[in-house]
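Notes to accompany the following structure.
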Amino acid sequence: MKLDSKATLGILLLIISISTLIPFIGLTDFHTKGEPREAIVAVSMLNSGNWILPENNGGDMAYKPPMFHWSIAVTSLLPGKVTEFTSRFPSALSAVIIALFTFLFYAKRSNNNLAFLTSLLFLSAFEVHRAAMASRVDMVLTLFIVLALFQLYQWAEKGIKGIPIIATLFMGAATLTKGPVGIILPCAVIGVFLLLRREKFWKVFYKLLITALISCILPAIWYYLAYRQGGNEFINLVMEENFGRFLGKMSYESHEQPIYYYLYTTAAGFIPWSILVLFSLFTLKYSRPNSSIKYWWNKLKEKIETTDSVKLFTFLAFAVIFIFYCIPKSKRSVYLLPIYPFLAYFLAEYMLYLLKNHQKTWRVFGIFLSILSGIVLIAFIILRSGWLLPQLATFDNLPQDISYYITAFHSPWNFISIGCVVVLIIVLYQVYKNKRELSLNNRYLYSVVALFFWLQILLDATILPTVLNAKSMRPFAEKVEELIPEGKIYSYVSTPMLRFFIINFYNQNRVFEFEKEQPQKGFLLVGEKDYAHISGKYADKYQFTDVMKSDRKGNDVKDIIHVYRFEKK
């Protein structure tokens, strides 16, 4: 096989995507409120046998439909329990599949090298990598939306004959992951594409209407079964999470951001490659526009009519989704994950253009990334070896958290950490060596890409687990389990919809709300600030005895957590 053949590059891409994600997803404990909140739903499914609308965190319903939680539960069947690895595996696997199918889609319609680079840029983008390593619904949603878009484009290539059944399955799965947006976005993108390709409006309308209605069949079955179980409370939750979020009328804080929020978060999400684009802006030649608006409008229409169909579809997949998510007040960077494979295509084209026409930009960027990698490498060696520990005693004003993490970094060298350091040094040398052949082939480009992949591996395999495990409240959760090995654990959190998610996960969903149940006796989890309220309110009913507290603030409630033994007077 040729080195640049579709089969060779596809196999290489599969190896890269699996080896840079899967081995590391189980190394870090839960350290945010979001991951255990999703994982505990799968725990509830396995423990209760209720796969439709299980209760978790003391009686809560899941905020999202169950496709993601189903995938965690199925992944967890083999080991017999939900772990950090099994709860993150669906996200990581989704990223691998997206990268592979993005390559296959563009390799068929452009060229193999461009398609391969597109998938590498997608995988290495900061936002994508972060989402692929997390137990959150967004990467699984992105998988189904992107695959639905690819299927709909193939349907358009065949003259929109019949019904795109496979696309309807993907859109139904996307809706079962996060709601109606899984149908709205793919239909909107392909609808605009078909209209710009001069398909008749009513033909496009009724074809997409039928496609959307078929896509609703599987989600409708689940919504009906969930309604029978959850009643009006379930309907209210669905309305708030979908329509309330879009209209900015939610009952709780919902990441409200200004309209320009996505401009800088998308640039940040494509780090480090967006930095290359920034460098290139200083090397391009600019001319002052002096034509009329009418002239530019006609040029735009001409460009749309003459542009390649794949590029037009790729642009619309980016633009329509981007504009759609700019409308609601609620904005988060992960909402835009479906645009990343398509934006990566244009970024790959631009990087190859720069390599051919603006090599100085590539040299500067290569030096920048090499210096950054070198600094990280040196800092890692110093911290791992414990060379700073003697100096810590001389800094009286050093923040306690910084001292804590520096101390946590000092641990014995192992095969993985030594291997990462050695390989990163080799790749750094390759970047330096290949800069002489910058204009002859793509070797320098791929050396720089490989450098960033190995920097990510160093972070994921050694640095981030050390820092994030030191940050996690898992050790305290395990102390709670030792203190209360069985039965219910009660809790009080004054902030609406906030729970002790991490403690609940590591205690197998045994945490219940104190005020709901008001038991005779037991143990109460509560933050220091909230205890003043609960002890005052129930002073005449309960006697509280402090038995344990955390040494640091909790990851979810952001306060020192106490465990009180209580009993009714």
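The values are calculated or read from the model by the stated rules, or taken from the named source; none is laboratory data. Note that the structure is predicted; figures quoted are calculated from it, not measured. Don't worry about glycine lacking a Cβ; one is built from the backbone with ideal geometry, like all the others, and counts go over all protein chains shown. Accessible surface areas use protein heavy atoms only, side chains included; no ligands, DNA or RNA. Shrake-Rupley method; radii C 1.70, N 1.55, O 1.52, S 1.80 Å.
Note on region 1-106: Rg/Rh from Cα positions, Kirkwood definition for Rh, rounded to two decimals, is 1.10.
Taking all protein chains as shown and a probe of 1.4 angstrom, Cys187 keeps an accessible surface of around 20 Å².
Dipole magnitude for region 458-504: computed about the Cα centre from +1 point charges on Lys and Arg Cβ and -1 point charges on Asp and Glu Cβ, it is near 180 debye. 3J(HN,Hα) along region 65-82, derived from phi through the Karplus expression 6.51 cos²θ - 1.76 cosθ + 1.60 where θ = phi - 60°, amounts to x, x, 4, 5, 5, 4, 5, 5, 4, 5, 4, 7, 5, 5, x, x, 7, 7 Hz, with x in place of Gly and Pro. Once the 1.4 Å probe is applied to the protein heavy atoms, the chain comes out at 48 Å² accessible per residue.
Using a simple spin-label model with pseudo-atoms 7 Å out from Cα toward Cβ, Lys360 and Arg565 lie 7.5 nm apart. Using a 1.4 Å probe over the heavy atoms of the protein chains, calculate the carbon and sulfur portion of the accessible area of region 1-125 as a whole percent. Solvent-exposed carbon and sulfur of region 1-125 make up 66 percent of the total.
For Lys207, the lysines whose Cα comes closer than 18 Å to its Cα, not counting residues fewer than 8 places off in the same chain, are Lys158, Lys161.
Ignoring GluC sites (Glu not before Pro) that are buried or in helix or strand per DSSP, and keeping those with at most 13 other beta carbon atoms within 10 Å, what is the longest stretch of the chain between them?
Values: sites that count: Glu253, Glu486.
Value returned for the longest uninterrupted segment is 1-252.
In this entry, the chain is assigned a mean projected area of 31.4 nm², taken as a quarter of its C-alpha convex hull surface.
For Met548, the residues 5 or more places off, or on other chains, whose built amide H falls under 5 Å of its own are Val563. Phi angles of region 447-464 translate, via the Karplus equation with coefficients 6.51, -1.76, 1.60 and θ = phi - 60°, into HN-Hα couplings of 5, 5, 4, 4, 4, 5, 4, 6, 5, 4, 5, 4, 5, 6, 7, 10, 6, 5 Hz per residue; Gly and Pro are given as x.
Mind running the shape call on region 419-523? Use the C-alpha gyration tensor, a ≥ b ≥ c as the square roots of the eigenvalues: rounded below 1.5 for a/c, prolate if a/b tops b/c, oblate otherwise.
Working: a/c = 6.49, a/b = 3.64, b/c = 1.78.
Here region 419-523 falls in the prolate category.
Only four residue types carry charge here, +1 at the Cβ of Lys and Arg and -1 at the Cβ of Asp and Glu. Report the dipole size of the chain about the Cα centre in Debye, rounded to the nearest 20.
Values: 58 positive and 39 negative charges, 438 e Å.
Approximately 2100 debye in magnitude.
Expressed as a whole percentage, what fraction of the accessible surface of region 132-207 belongs to carbon and sulfur atoms when a 1.4 Å probe is rolled over the protein heavy atoms?
On the way: 1930 of 2830 Å².
Roughly 68 percent of what the probe reaches on region 132-207 is carbon or sulfur.
7 Å from Cα along Cα→Cβ at both Ala532 and Glu305: what's the point-to-point distance in nm? Spacing of the two 7 Å Cα→Cβ label points: 7.1 nm.
Within the accessible area of region 321-365, the carbon and sulfur atoms contribute 63%, probe 1.4 Å, all protein chains present.
Percent of Cα pairs in region 455-509 per distance bin of 10 Å, from zero to the largest separation: 21, 38, 27, 14, 1.
The modelled label-to-label distance for the pair Gln520/Arg198, using points 7 Å beyond Cα in the direction of Cβ, is 8.2 nm. Full extension of the segment from Val547 to Tyr353, taken as 0.36 nm per residue of separation minus the current Cα-Cα distance, would add 63.3 nm.
Taking R0 as 22 Å, what's the FRET efficiency between Ile165 and Leu209 from their Cβ-Cβ distance, rounded to 0.05?
Details: r = 16 Å, r/R0 = 0.71.
With a Förster radius of 22 Å, E is 0.90.
The string of couplings for region 334-347 from the Karplus curve (6.51, -1.76, 1.60, θ = phi - 60°) is 5, 4, 8, 3, x, 7, 5, x, 7, 5, 5, 4, 5, 5 Hz, one whole number per residue in order, with x for Gly and Pro.
Suppose the chain between Ile11 and Asn47 were pulled fully straight at 0.36 nm per residue; how much longer would it get relative to their current alpha carbon spacing? Kindly include the intermediate steps, with their values, before the conclusion.
Values: separation 36, 0.36 × 36 = 12.96 nm, distance 3.87 nm.
Between Ile11 and Asn47, full extension yields an extra 9.1 nm.
Mean sequence separation of contacting Cα pairs (under 8 Å, at least six apart), scaled by the length of the chain, corresponds to a relative contact order of 16 percent.
What value, in deg cm²/dmol to 500, does the helix sum -39500 (n - 2.57) over DSSP H runs of n ≥ 4 give at 222 nm once divided by the residues of the chain?
Using -39500 (n - 2.57) per qualifying helix, the result is -20000 deg cm²/dmol.
Computed with every protein chain present, the accessible area of Arg363 is close to 100 Å² [probe 1.4 Å].
Based on the Kirkwood approach, the hydrodynamic radius assigned to region 80-168 is 14.2 Å, with every pair of different Cα atoms included.
For the residues Phe453, Phe315, a 1.4 Å probe over the protein chains yields an accessible-area ranking, largest first, of Phe315, Phe453.
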